[in-house]
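The values are calculated or read from the model by the stated rules, or taken from the named source; none is laboratory data. Since this is a predicted model, take the numbers as computed values, not measurements. Heads up, the Cβs are rebuilt from the backbone with ideal geometry, glycines too, and the neighbour counts pull from every protein chain shown.
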């Protein structure tokens, strides 16, 4: 778990990257597209669970979460093409502003690690219990992000964007 200073330094690094964190126009349409992608991933997760396709369970559970959160970022006009930077934004912005509980951030981090483990470390034995929990909590994660999106106001969006803008101006 990154400490506050490490997190801020990581976010600063992300802002400086070509495909890192950038501000753009808030986009409700793109938000909706990513929420649809999240729900599609949840549908595929159900299918992967039925067929006990371990690799696809991990991948779809992660991407359901990732797409939902990315939709939230799009709603706020925040872009990040680096997954670690995107995930750090959840803690820096939304957990930091008490809009999302920290366990959702930890869940997204854990889901990414599980997906990476299944994709790149195929020879290692997977923790089946961790995989089962990851799969079971994905739907609640997406619902929580939808709740946060529904609760967004122009003022909240502006406050989140200002936190990023403030970092960009420190270059």
If residue 107 passes every condition in (1) surrounded by 13 or more Cβ atoms within 10 Å (Cβ to Cβ); (2) out of contact with any helix residue (DSSP H, G or I) (no Cβ under 8 Å at 6 or more places or on another chain) but one, which one does it miss?
-> (2)
Do any residues in the stretch 20-32 that are free of Cβ contacts under 8 Å to residues at least 60 places away in the same chain have Cβ atoms under 6 Å from those of residues that are assigned to a loop (DSSP other than H, G, I, E, B), where the two are at least six apart or on different chains, and which pairs are they?
-> 24/77; 25/77
Residue in the stretch 134-150 that is out of contact with any strand residue (DSSP E or B) (no Cβ under 6 Å at 6 or more places or on another chain), surrounded by fewer than 12 Cβ atoms within 10 Å (Cβ to Cβ) and in a loop (DSSP other than H, G, I, E, B) present = no
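Which residues, counting only those in the stretch 111-122, are over 21 Å from residue 39 (Cβ atoms) and surrounded by 18 or more Cβ atoms within 10 Å (Cβ to Cβ)?
118
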Restricting the search to the stretch 38-58, which residues are modelled with pLDDT under 95, within 20 Å of residue 117 (Cα to Cα) and part of a helix (DSSP H, G or I)?
-> 48, 49, 54, 55, 56, 57, 58
Here is a list of conditions, (1) in contact (Cβ under 8 Å) with a residue 40 or more places away in the chain; (2) part of a helix (DSSP H, G or I); (3) within 28 Å of residue 130 (Cα to Cα), and residue 8 meets all of them except one; can you say which number that is?
-> (3)
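Take residue 93 and tell me if it is closer than 29 Å to residue 163 by Cα, in contact (Cβ under 8 Å) with a residue 12 or more places away in the chain and buried (at least 20 other Cβ atoms within 10 Å of the Cβ). Walk me through how you get there before you give the answer.
Values: closer than 29 Å to residue 163 by Cα: yes; in contact (Cβ under 8 Å) with a residue 12 or more places away in the chain: yes; buried (at least 20 other Cβ atoms within 10 Å of the Cβ): yes.
It is true that residue 93 is closer than 29 Å to residue 163 by Cα, in contact (Cβ under 8 Å) with a residue 12 or more places away in the chain and buried (at least 20 other Cβ atoms within 10 Å of the Cβ).
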Filter the stretch 83-108 for residues that are part of a helix (DSSP H, G or I) and more than 20 Å from residue 146 (Cβ to Cβ) and give the result.
-> 83, 84, 85, 88, 92
Every residue from the stretch 43-82 that is closer than 19 Å to residue 121 by Cα and either in contact (Cβ under 8 Å) with a residue 24 or more places away in the chain or crowded, with 20+ Cβ neighbours inside 10 Å (or both) | 54, 55, 57, 58, 59, 60, 61, 62, 63
